[in-house]
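S.K.: Here it is: the structure, laid out below.
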Amino acid sequence: MNNPDKFLFNNELIKALRNARWITILTGAGISAESGIPTFRDAQRGLWANYSPEELASPEGFARNPELVWNWYEWRRKIISESRPNPGHYALARMEKIIPQVNIITQNVDGLHQLAGSLDVVELHGNIHRNRCSSENTLVDEILNGESKPPRCPRCKAFIRPDVVWFGESLPAASIERAIETSSKCDVFFSIGTSSVVYPAASLPFVARNQGAIIVEINPASTPLSPYSTYTLHGSAGFILPALMKVAWQEEESH
Ligand code: BV8
């Protein structure tokens, strides 16, 4: 199936998209997979195969072995620095220009939605390109090269950590509040490229569903959300989203 036009979408879905006034989109690591960034649960292949993400992305993991956790983030930063947004990211950026209200809530920390041109992006789990002092929790811009691993805060000498939300840590209040507010107002809620197991992000589709929004899941695999979705489109985001844009809004790919 290599021609998007042959990818048939349900007429009711197309009609709902054309009538939508407000589309909220939850994304996970799967939308960045086609940019060459291993998904959160795939990342544990290769040299990180012996570690679980929950172990590395946690305060306990960082306290136990700060250098290991810092190196894992440096490895991911390098992959992300060599990655570019893919057609899935660009399709969502174009959607923002066509529909009166479109907002993205991402669990990803790679910044690719913003790079693709999306303006309204809430980063639920922070951003891997930022660092903060693990003691003061203030952002640290300058890291002196040749520093220890992890580098130390220039002010208090505590270890520096990536400015991301680890397991067991609370999400930024403003981010989760905005995510809940938009999920409770949208007409259509997309859940794209997420295994739908990490909370509180995984509860957002249900906030939308409970107020009557249409739930559209895009994922090659089934997830715990699938039985509750109005439409489950099994396939990759980089293929389905441009195809959906084309069929719903006669949109030509342009990026
Ligand atoms: C919190 C940042 C309050 C760091 C991450 C309620 C119920 C149950 C558990 C909990 C709960 N409340 C809290 C918890 C515990 C925990 C949790 O949910 N655990 C899970 C594992 C059960 N949640 C928390 O700790 C959260 N904090 O709730 O605070 C609190 C405070 C104190 C004590 C208790 C509670 C914090 C969660 C945030 C953790 N940080 N990331 C970093 O990135 O390093 S989460 C991490 O998982 C990533 O951000 C990732 O985005 C996220 C979810 O993973 P996915 O994005 O879904 O990626 P995954 O690899 O899993 O799946 C990829 C999917 O893509 C697959 O389905 C695949 O099929 C699909 N795919 C592949 N290719 C494609 C594709 N799809 C489309 N196209 C393709 N081409």
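S.K.: For residues that are modelled with pLDDT of 90 or more, more than 16 Å from the ligand (Cβ to nearest atom) and not in a strand (DSSP E or B), tally how many sit in the stretch 142-153. Walk me through how you get there before you give the answer.
M.R.: Going residue by residue through the stretch 142-153, those that are modelled with pLDDT of 90 or more are 149-153.
Right, trim to more than 16 Å from the ligand (Cβ to nearest atom) and you get 149, 151-153.
This time we only want the ones that are not in a strand (DSSP E or B), so: 149, 151, 153.
Of the residues in that region, 3 qualify.
S.K.: I want to confirm something. Restricting to the stretch 218-241 and keeping residues that are in a helix (DSSP H, G or I) and more than 12 Å from the ligand (Cβ to nearest atom), which single residue is nearest to residue 186 (Cα to Cα)? Steps first, answer last, please.
M.R.: Taking the stretch 218-241 and keeping what is in a helix (DSSP H, G or I), we get 226-228, 237-241.
Right, trim to more than 12 Å from the ligand (Cβ to nearest atom) and you get 227-228.
Values: 227: 20, 228: 17 Å.
Checked the stretch 218-241; the qualifying residue nearest to residue 186 (Cα to Cα) is 228.
S.K.: Only one of 119, 115, 124, 171 is touching a residue at least 60 places away in the same chain (Cβ under 8 Å) and under 19 Å from the mean Cα position of the chain (by Cα); which? Steps first, please.
M.R.: Details: 119 fails: touching a residue at least 60 places away in the same chain (Cβ under 8 Å); 115 fails: touching a residue at least 60 places away in the same chain (Cβ under 8 Å); 171 fails: touching a residue at least 60 places away in the same chain (Cβ under 8 Å).
Within the list 119, 115, 124, 171, the selection yields 124.
S.K.: Working only within the stretch 182-202, note down all residues that are in a loop (DSSP other than H, G, I, E, B) and either of a type in the set (Ser, Thr, Tyr) or touching a Cys at 6+ places or on another chain (Cβ under 7 Å) (or both). Break it down into steps so the answer makes sense when it comes.
M.R.: Of the residues in the stretch 182-202, the ones in a loop (DSSP other than H, G, I, E, B) are 184-187, 193-200.
Residues satisfying the conditions are 184, 194, 195, 196, 199.
S.K.: Residues in the stretch 205-217: is at least one within 13 Å of the ligand (Cβ to nearest atom), farther than 22 Å from residue 16 by Cβ and not in a loop (DSSP other than H, G, I, E, B)?
M.R.: Going through the stretch 205-217, the residues within 13 Å of the ligand (Cβ to nearest atom) turn out to be 205-206, 216-217.
Still in the running and farther than 22 Å from residue 16 by Cβ: none.
Among the residues of the stretch 205-217, not one is within 13 Å of the ligand (Cβ to nearest atom), farther than 22 Å from residue 16 by Cβ and not in a loop (DSSP other than H, G, I, E, B), which makes the answer no.
S.K.: Oh, and also: Please indicate, with yes or no, whether at least one residue in the stretch 165-181 is among the hydrophobic types (A, V, I, L, M, F, W, C), more than 6 Å from the ligand (Cβ to nearest atom), modelled with pLDDT of 95 or more and in a strand (DSSP E or B).
M.R.: For the stretch 165-181, residues among the hydrophobic types (A, V, I, L, M, F, W, C), more than 6 Å from the ligand (Cβ to nearest atom), modelled with pLDDT of 95 or more and in a strand (DSSP E or B): absent.
S.K.: Which residues, taken from the stretch 80-116, are of a type outside the set (A, V, I, L, M, F, W, C) and closer than 14 Å to residue 238 by Cβ?
M.R.: If we filter the stretch 80-116 for residues that are of a type outside the set (A, V, I, L, M, F, W, C), which is where we start, we get 81-90, 94, 96-97, 100-101, 103, 106-108, 110-111, 113-114.
Correct list: 83, 84, 85, 86, 87, 88, 89, 90, 94, 113.
S.K.: Of the residues that sit in the stretch 55-77 and are of a type in the set (Lys, Arg) and within 18 Å of residue 148 (Cα to Cα), which one is least open to solvent (accessible area, probe 1.4 Å)? First the steps, then the outcome.
M.R.: The initial filter retains those residues of the stretch 55-77 that are of a type in the set (Lys, Arg), namely 64, 76-77.
Applying the additional criterion that residues be within 18 Å of residue 148 (Cα to Cα) yields 64, 77.
Numbers: 64: 153, 77: 33 Å².
Of everything passing the filter in the stretch 55-77, 77 is least open to solvent (accessible area, probe 1.4 Å).
S.K.: Pairs, please: C-beta under 6 Å, at least 6 apart or cross-chain, first residue assigned to a helix (DSSP H, G or I) and in the stretch 17-40, second buried (at least 21 other Cβ atoms within 10 Å of the Cβ)?
M.R.: Short answer, once both residue conditions are applied: 30/193; 31/88; 31/192; 31/193; 31/237; 32/108; 32/110; 32/112.
The values are calculated or read from the model by the stated rules, or taken from the named source; none is laboratory data. Computed from a prediction, not measured in an experiment: that's the story for all the values here. Using ideal geometry, Cβ is built from the backbone for each residue, glycine included, and neighbour counts are taken over all protein chains shown. Note: areas computed on protein heavy atoms with side chains; ligands, DNA, RNA excluded. Shrake-Rupley method; radii C 1.70, N 1.55, O 1.52, S 1.80 Å.
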